[in-house]
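Computed from the coordinates by the stated procedures, all read-outs in this text should not be read as laboratory data. Not measured: the values here are computed from a predicted model. Note: ideal-geometry Cβ built from the backbone for every residue, glycine included; neighbour counts use all protein chains shown.
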Amino acid sequence: MAKDLIKQQETDTLSTTQVLDDGIHHVNNPVLDLPEIVKNYLGPVAGFHQENNNYYFTDGGASVEIKVVSDEIIRVRLAPKSQFLEDFSYAVPQSDQHVAVYTFEEDQEAYRVKTNTVTCVIRKADFLIAFEDREGKEYNKDYSPMHWEENPDFGGYYVYCTKVAQANEAFYGLGDKPTHLNVRGRRFANWNSDTYSFQFNQDPLYRSIPFYIGLHEGDAYGIFFDNTFKTYFDFAAEAYDQTSFWSEGGELQYYYIHGPHMMDVVKRYHSITGTHYLPPLWALGFHQCRWSYYPESKVRDLARNFRERQIPCDAIYLDIDYMDGYRCFTWNKRYFPDPKKMIKELADDGFHTVVIIDPGIKVDENYWVFKEGKKNRYFCRRGDDYFMEGYVWPGRCQFPDFTNQEVREWWGGLFKGLVEAGVAGVWNDMNEPAVFGRGTFPNDVRHNFDGYRGSHRKAHNVYGMQMVRATYEGLKNLFQKKRPFTITRAAYAGTQRYASVWTGDNVATWDHLRLGALQLQRLSVSGMPFCGTDIGGFSGEPDAELFTRWIQFGVFSPFMRAHSAGDTAEREPWSFGPDYEALNRKFIELRYQLLPYIYSVFWEHTKYGFPILRPITMVEQRLDTNIPREEEFCFGDKLLVSPVLYQGQQRKMVYLPAGGWYYYWDDSSFEGGKEHEVNTPMDEMPLFVRAGTVLPEYPVMQHVYEKKIESLKLLVYYTAQEANSYMYEDHGDTFAYEQQIYLEKKFVVKGAAKSLKITQYIDGLYSERYDTYDLHLVALPFKVSRVMVDDKPAIATQDNQGRYVVKVPKDFKNIIVT
Ligand code: GLC
């Protein structure tokens with residue numbers, strides 16, 4: 001014993017160097033020579049090699065891969081120890097696209113990877129990377145070389161990229177951030193969070209969309225940082241001339257997406273992450289939701305009220321109380337004794353039933369879903385192999401690992417019973433994932449990550465996306481030919497391939513109405529086109545005026561759903577008395593009248609990747625004066641709205657982009673390129689139609705399939721120039737459009753002082769059910785004396801608004817009005 005003590009004392013007096021020299025490792029000894037953890041920056045480029053369209057550069061230790069993805073998209077990856085991770089992404093299913101030509105050049109200063117459109121310049125002396133157009137205009141460049149820092153707790157690296165923020169450069173995108181459209185001067189984190197009653201500028205919220213657009217001197221580009229870990233973005237907040245993005249793990253991997261048009265940046269972002277599938281037509285109607293409509297008598301009562309009061313509605317939601325003790329895929333038989341019968345009768349009356357499904361599966365040995373999941377080891381586990389357990393609505397829960405293909409298939413199959421009962425759509429909630437008390441899962445939870453295993457640090461931001469993917473794929477499989485409808489709260493980039501989104505638990509205040517208008521515009525330019533807010537506000541009590549103004553904004557929200565929390569007063573379109581009921585009806589009817597246009601705008605998104613809502617900056621990006629405009633926006637190419645967002649507002653200033661416009665409510669004409677003061681009585685909202693538009697309208701319907709269209713109304717807005725409009729038509733709820741069973745119609749309107757010519761081009765294989773169009777000629781500046789339809793005379797009458805009306809065959813080619 002004494003000998004040991006002496007030995008210990010001797011060791012204590014040894015210097016560290018002696019210990020190391022002796023090769024003895026003493027855990028508690030101060031080790032002075034270990035390298036400190038510091039940020040490492042790429043050094044000068046020391047060499048390169050090429051493999052197909054990938055170019056590899058090294059500074060001797062780290063490597064950078066530059067991949068030509070398409071003519072306009074270049075991907076950059078950094079491997080601190082020259083070991084690239086395997087190429088796998090939930091956001092980008094396929095990173096190889098068609099590239100016309102690309103070349104490689106080297107001179108004394110730099111390497112240049114060139115496509116037809118973009119040049120990526122890699123500077124030899126300092127490894128700074130820049131992107132230029134073919135004329136040599138610099139769009140985006142590194143401020144400092146890419147850098148990284150070892151993460152001793154979890155392994156891997158914190159990875160950083162710092163770019164130059166040009167003077168006056170504006171930044172857009174990043175999903176649902178509840179702040180101004182231009183995010184310059186702000187810093188954000190991406191970590192999906194359940195944020196009940198969130199506030200202006202609160203961050204992060206429910207979604208992680210690490211994609212932004214830079215706009216400088218009228219030219220735009222995009223950066224998509226495809227990293228699922230917690231990521232951060234700083235837009236000239238810390239330093240006025242720098243924009244940085246970084247992550248707590250994973251790879252520094254980003255896509256540079258060339259513009260110069262913002263619309264093209266978004267379109268190209270969609271070309272790698274996918275677009276939203278074409279929603280069923282009914283999903284574009286009005287949806288009524290509440291936490292919760294139960295029992296069955298309440299649901300039937302709701303449906304009856306809609307029909308009796310003649311307020312259009314296509315979907316009714318069942319929130320968590322339809323389940324047995326909040327157990328997913330079960331019914332509370334006391335409240336809903338015969339769900340199939342109820343859903344069938346609702347469907348006969350034109351209502352689709354949408355049900356909520358959360359990820360938490362109740363720990364209950366007598367519950368089949370829990371038993372199956374347990375038997376097959378489908379639930380997430382902690383680092384030490386314990387189950388991930390936490391409390392949500394059903395009490396103690398376990399959670400499927402949706403990052404596992406086998407689990408997703410199982411989950412998709414669980415919807416069989418609900419589909420057999422007639423459910424038409426599924427609402428996935430709480431999938432950040434939300435856990436009461438602690439917010440979300442702890443970081444040590446393990447995930448399959450489709451074979452590329454990882455902790456929750458890596459899987460957190462895609463958990464909700466993979467859940468709704470499993471839901472969507474399951475429903476698609478079970479419905480066979482019909483299009484499912486899905487909605488999710490949490491999302492990562494690419495989720496638009498599987499679901500629509502809503503902005504989560506907002507509040508019934510004017511501030512939140514304004515916030516919603518910002519969030520939907522932002523989501524739309526961030527690749528999440530099918531988005532909506534809880535109309536009326538989830539928590540709190542709106543007054544009649546706020547509710548009606550929110551319905552008006554809802555008409556021009558891609559997803560139109562009223563929703564409210566359980567502890568609020570009843571909140572249906574008729575809840576605020578007959579005067580407001582009439583107003584709410586009028587605007588919900590407007591949504592239904594505009595459906596053929598809205599549907600066509602969705603098609604333009606699905607097929608071409610265009611956003612649905614377009615902020616004014618996107619419409620006229622060359623004008624810096626548009627950057628602060630946040631209230632007016634375009635819905636598709638033809639309609640401009642500026643929702644009323646302030647209490648008691650009697651009039652508002654509305655900016656119209658250059659060109660001619662007509663006020664929807666009275667056909668009066670407005671000159672674009674300037675602001676106009678518009679009156680905003682409760683029964684109107686600023687809504688303008690671009691001159692030259694052919695706007696299709698349905699008659700007022702109580703639900704989308706209520707009426708057979710006998711003759712389709714087309715409003716033709718006069719222009720003295722030439723303008724194109726597009727219309728899309730198909731079955732409305734099948735996937736036949738994937739086999740070209742649709743019609744794409746193009747109308748070209750060309751006006752002169754005393755004439756108007758309309759030409760139609762039709763493409764596709766679908767046959768519409770109607771035979772004729774009713775053309776309503778809006779704001780003709782001359783008296784009509786003759787209408788020739790494909791060289792045959794036709795008769796023009798006048799409607800009660802003084803518009804000329806002509807009935808013409810649906811397949812006309814040329815109409816000349818003089
Ligand atoms: C969450 C949702 C909300 C839903 C409620 C009950 O708060 O965001 O929309 O009504 O849970 O399911």
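Considering just Cα atoms, how many Å³ per residue does the convex hull of the stretch 321-448 enclose?
Convex hull volume per residue, Cα atoms: 108 Å³.
Pull out a ≥ b ≥ c, the square roots of the eigenvalues of the alpha-carbon gyration tensor of the stretch 371-526, then state rounded if a/c is under 1.5, prolate if not and a/b is larger than b/c, and oblate in the remaining case.
Since a/c reaches 1.5 but b/c is at least a/b, the shape of the stretch 371-526 is classed as oblate.
In 5 Å bins starting at zero, report the fraction of Cα pairs in the stretch 385-442 per bin as a rounded %.
4, 15, 21, 21, 22, 11, 5, 1
As I understand it, the value is the acute angle between the Cα axis of helix 2-13 and the longest principal axis of the Cα atoms of the chain; what does it come to in degrees, rounded to 10?
60
Percent relative contact order of the chain, based on C-alpha pairs within less than 8 angstrom and at least six residues apart?
9
Any idea what angle helix 544-555 forms with the longest principal axis of the chain, computed on alpha-carbon atoms, 0 to 90 degrees, nearest 10?
Roughly 90 degrees, rounded to the nearest 10.
Running Debye on the stretch 614-690 with equal point scatterers at the Cα sites and no solvent, what base-10 log of I(q)/I(0) appears at q = 0.22, 0.28 Å⁻¹?
So the normalised log intensities are -1.00, -1.52.
No solvent, one uniform scatterer per C-alpha: report log10 I(q)/I(0) for the chain via the Debye equation at q = 0.04, 0.06, 0.08 1/Å, two decimals.
These q points yield log10 I(q)/I(0) values of -0.19, -0.42, -0.73.
So if I place +1 on the C-beta of Lys and Arg and -1 on the C-beta of Asp and Glu, and nothing else carries charge, what would the dipole magnitude of the stretch 708-817 be about its Cα centre? I want it in debye, nearest 20.
Computed charge dipole of the stretch 708-817: roughly 740 debye.
Within a 10 angstrom radius of the beta carbon, how do Glu345, Glu365, Glu744 rank from fewest other beta carbons to most?
Glu365, Glu345, Glu744
Grab the eigenvalues of the alpha-carbon gyration tensor for the stretch 773-818, scale each by 5, take roots, and send me the semi-axes largest first in whole angstrom.
17, 12, 8
If one computes P(r) from the Cα atoms of the stretch 552-652, what percent of pairs lie at distances over 21 Å?
47
Could you work out the pair-distance distribution P(r) of the stretch 736-818 from its alpha-carbon pairs, with 5 angstrom bin width and percents rounded to whole numbers?
3, 13, 24, 23, 16, 10, 6, 4, 1
For Thr734, list long-range residues whose amide hydrogen, built 1.01 Å from N in the peptide plane, is under 5 Å from its own amide hydrogen.
Close amide H contacts, sequence-distant or interchain: Arg483.
Sort His287, His180 so the one with the fewest other Cβ atoms within 10 Å of its own Cβ comes first.
The most exposed by this proxy come first: His180, His287.
Rounded to the nearest 20 debye, what is the charge dipole size of the stretch 382-421 about its Cα centre when +1 sits on each Lys and Arg Cβ and -1 on each Asp and Glu Cβ?
Once rounded to the nearest 20, the dipole reads 180 debye.
For the stretch 103-193, compute the orientation-averaged projected area of the C-alpha convex hull (one quarter of its surface), in nm².
Mean projected area of the Cα convex hull: 9.0 nm².
As an exercise, use a Förster radius of 35 Å and the Cβ-Cβ distance of Asp126 and Ser197 to find the FRET efficiency, rounded to the nearest 0.05.
Computed FRET efficiency for Asp126 and Ser197 comes out at 0.15.
Calculate one ³J(HN,Hα) per residue across the stretch 715-728 by plugging θ = phi - 60° into the Karplus curve 6.51 cos²θ - 1.76 cosθ + 1.60, and present them in order as whole Hz with x for glycine and proline.
8, 10, 8, 4, 9, 8, 10, 10, 9, 9, 9, 10, 9, 10
Which of rounded, prolate or oblate describes the stretch 530-577 when judged by the alpha-carbon gyration tensor and an a/c cut-off of 1.5?
Verdict is oblate for the stretch 530-577.
Any idea what the dipole of the chain comes to, in debye rounded to 20, about its Cα centre with Lys/Arg Cβ at +1 and Asp/Glu Cβ at -1?
Charge dipole of the chain: 2280 debye, to the nearest 20.
By a straight-distance test (C-alpha under 17 Å), which lysines pair with Lys114 as possible cross-link partners, with residues fewer than eight away in the same chain excluded?
Partners found: Lys67, Lys124, Lys137, Lys141.
Strictly greater than 27 Å: what percent of every Cα pair in the stretch 464-602 meets that?
Cα-Cα pairs of the stretch 464-602 separated by over 27 Å account for 25 percent.
Just the Kirkwood number for the stretch 50-123, please: inverse of mean 1/r across all distinct Cα pairs, in Å, one decimal.
Here the Kirkwood hydrodynamic radius works out to 13.1 Å.
Dividing the alpha-carbon Rg of the stretch 39-273 by 2.2 N^0.38 Å yields what?
0.97
Considering the dipole of the stretch 86-149 built from charges on the beta carbon (Lys and Arg +1, Asp and Glu -1) around the Cα centre, which of Ser89, Ile122, Met146 is farthest to its positive end?
The Cα lying farthest towards the positive end belongs to Ile122.
Mind pulling the angle between the C-alpha long axis of helix 578-593 and the longest principal axis of the chain? Nearest 10 degrees, somewhere in 0 to 90.
80
Report, in listed order, any pair from Lys586/Lys713; Lys481/Lys607; Lys298/Lys476; Lys750/Lys810; Lys230/Lys476; Lys267/Lys586 with a Cα-Cα distance greater than 27 Å.
Where the Cα-Cα span goes over 27 Å, the pairs concerned are Lys298/Lys476; Lys230/Lys476; Lys267/Lys586.
Just report the Cα centroid separation between the stretch 634-710 and the stretch 278-330, whole Å.
29
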